[in-house]
Amino acid sequence: MTEQSSEVRPLYWDQDVFMVLDQRLLPGKEKYIACTTAEKAINAIKTMAVRGAPAVGLTGAAAVVLGAKNIVASDIETFLKKFDRLCERVKRARPTGYNLEWAVERMRSVLIENADKDIPDIVGELRKTAEAMIEEDVSINRAMGQWGKVVIPPNGRVLTYCNAGALATGGYGTALGVIRAAWEEGKNIKVFACETRPFFQGSRLTVFELTKDKIPVTLITDNTAGFLMQQRKIDVVIVGADRITANGDVANKIGTYTLAVLAKAHNIPFYVAAPRSTIDSLRTRGDQIPIEQRPAKEVITIGNRYIAPQHTDVLYYAFDVTPSRYISGIITEVGIITKPYKRNIREALQK
Ligand code: MRU
């Protein structure tokens, strides 16, 4: 594994088994789920044992490998048909994050490149690629950190949302990668992490990660953000992304849009950090992004305890869309993309 400043290891291959850290148990317990089949990996995605768009993509690639290994086929045509069905099943595990689609399509292209080989050799190539993608993701995040760290001023107070850290990726993180890079450079920074209801990715995961790295972090409830901005206690907002459309609109954890509007009202720069594998260039606008709705139980319970009457009618979107006009820049592994987004995103994808 590439050297990481964080001790957290979100996912890795142990021989033929794909191991994912069960993030639902954090910060209390560090326990891994051993995925030996595509079903197990898909289930880890659906139940949010693994979450964060890039980590979901890497787990999707692993699901394709595990499923391909178990395909029973006497000829390549049957194998291809079953492989196609497998890919579609993996892609459906979670709808909003684009990295899942991207990773599955990458596995499909490995299959196409190796279609003249024997089936066990094809599976071997898929397995190699799925593992290489993890290391690649860490390098991309580190590159993003190098480009992005300039947006954090000396003594900067950074607000972040959800968890866009090592846990949400192969390692190092996107938004937290930028924060890590600034910290590693010696900048004296302070992070404010929003709790991020209802799954508490901020309090459970972001605070956990940053504390491990000894990066100063203060937890706030989601509804404190506006008040802090009003008091001029935030210098910059940096968040991750689940899907970015060709015009620069960004889907991210529900509540991100609220923060972006608040940041604009207070003249605070609002940055998104994401690898190019989050950019869905075929969708032209944010309103075309499928938004996941999740089970009401995640909203009305904390652990096993009900915090609302059991049969409460709940509306629970897991993501929202921030229009590009609220975004100061999109930090990627090839540089910071700024307005005009349509042209500059197209150019960044060609680099
Ligand atoms: O529902 P989640 O926890 O998968 O949502 C995660 C986010 O919204 C992250 O901000 C996003 O995936 C970027 S992670 C590098």
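If I filter region 114-133 for residues that are in the same structural domain as Ala62 (by TED's automatic domain parsing), within 17 Å of the chain's Cα centre (by Cα) and not in a loop (DSSP other than H, G, I, E, B), do I get at least one hit?
For region 114-133, residues in the same structural domain as Ala62 (by TED's automatic domain parsing), within 17 Å of the chain's Cα centre (by Cα) and not in a loop (DSSP other than H, G, I, E, B): present.
Within region 23-49, track down each residue that is small (Gly, Ala, Ser) and open to solvent by 10 Å² or more (accessible area, probe 1.4 Å).
Of everything in region 23-49, those that are small (Gly, Ala, Ser) and open to solvent by 10 Å² or more (accessible area, probe 1.4 Å) turn out to be Gly28, Ala34.
Do we find that Ala164 is of a type in the set (A, V, I, L, M, F, W, C), touching a helix residue (DSSP H, G or I) at 6+ places or on another chain (Cβ under 9 Å) and assigned by TED's automatic domain parsing to the domain that holds Thr206 in this structure?
On the way: of a type in the set (A, V, I, L, M, F, W, C): yes; touching a helix residue (DSSP H, G or I) at 6+ places or on another chain (Cβ under 9 Å): yes; assigned by TED's automatic domain parsing to the domain that holds Thr206: yes.
Yes.
Give all pairs with beta carbons closer than 8 Å in which a residue from region 213-236 that is free of Cβ contacts under 8 Å to residues at least 24 places away in the same chain and closer than 11 Å to Leu159 by Cα meets a residue that is open to solvent by 20 Å² or more (accessible area, probe 1.4 Å) and assigned to a strand (DSSP E or B); count only pairs at least 6 apart in sequence or on separate chains.
The qualifying pairs do not exist here.
Scan region 93-102 and tell me whether some residue there is under 28 Å from Leu167 (Cβ atoms), without any contact (Cβ under 8 Å) to a residue 40 or more places away in the chain and part of a loop (DSSP other than H, G, I, E, B).
No, the conditions are met nowhere in region 93-102.
Val261: in contact (Cβ under 8 Å) with a residue 24 or more places away in the chain and part of a strand (DSSP E or B), yes or no?
So Val261 fails the test.
Quick one: in region 257-286, of everything that is among the charged types (D, E, K, R) and in contact with an Asp or Glu (Cβ under 8 Å, 6 or more places away or on another chain), which residue is farthest from the ligand (Cβ to nearest atom)?
Here the residue is Arg285.
Considering region 116-146 alone, what residues qualify as being in contact with a strand residue (DSSP E or B) (Cβ under 6 Å, 6 or more places away or on another chain) and either surrounded by fewer than 20 Cβ atoms within 10 Å (Cβ to Cβ) or without any contact (Cβ under 8 Å) to a residue 40 or more places away in the chain (or both)?
Glu131
Listed here are the residues, each with its yes/no results for (1) polar (S, T, N, Q); (2) under 18 Å from Leu126 (Cα atoms); (3) open to solvent by less than 70 Å² (accessible area, probe 1.4 Å); (4) within 13 Å of the ligand (Cβ to nearest atom).
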residue: Arg9; (1), (2), (3), (4): no, no, no, no
residue: Leu21; (1), (2), (3), (4): no, no, yes, no
residue: Arg51; (1), (2), (3), (4): no, no, yes, yes
residue: Lys81; (1), (2), (3), (4): no, yes, no, no
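The values are calculated or read from the model by the stated rules, or taken from the named source; none is laboratory data. Given the structure is predicted, the values throughout are model-derived calculations rather than measurements. A quick note on method: Cβ atoms are made from the backbone with ideal geometry, for glycine too, and the neighbour counts reach across all protein chains shown. Heavy atoms of the whole protein, side chains included, go into the accessibility calculation; ligands, DNA and RNA do not. Shrake-Rupley method; radii C 1.70, N 1.55, O 1.52, S 1.80 Å.
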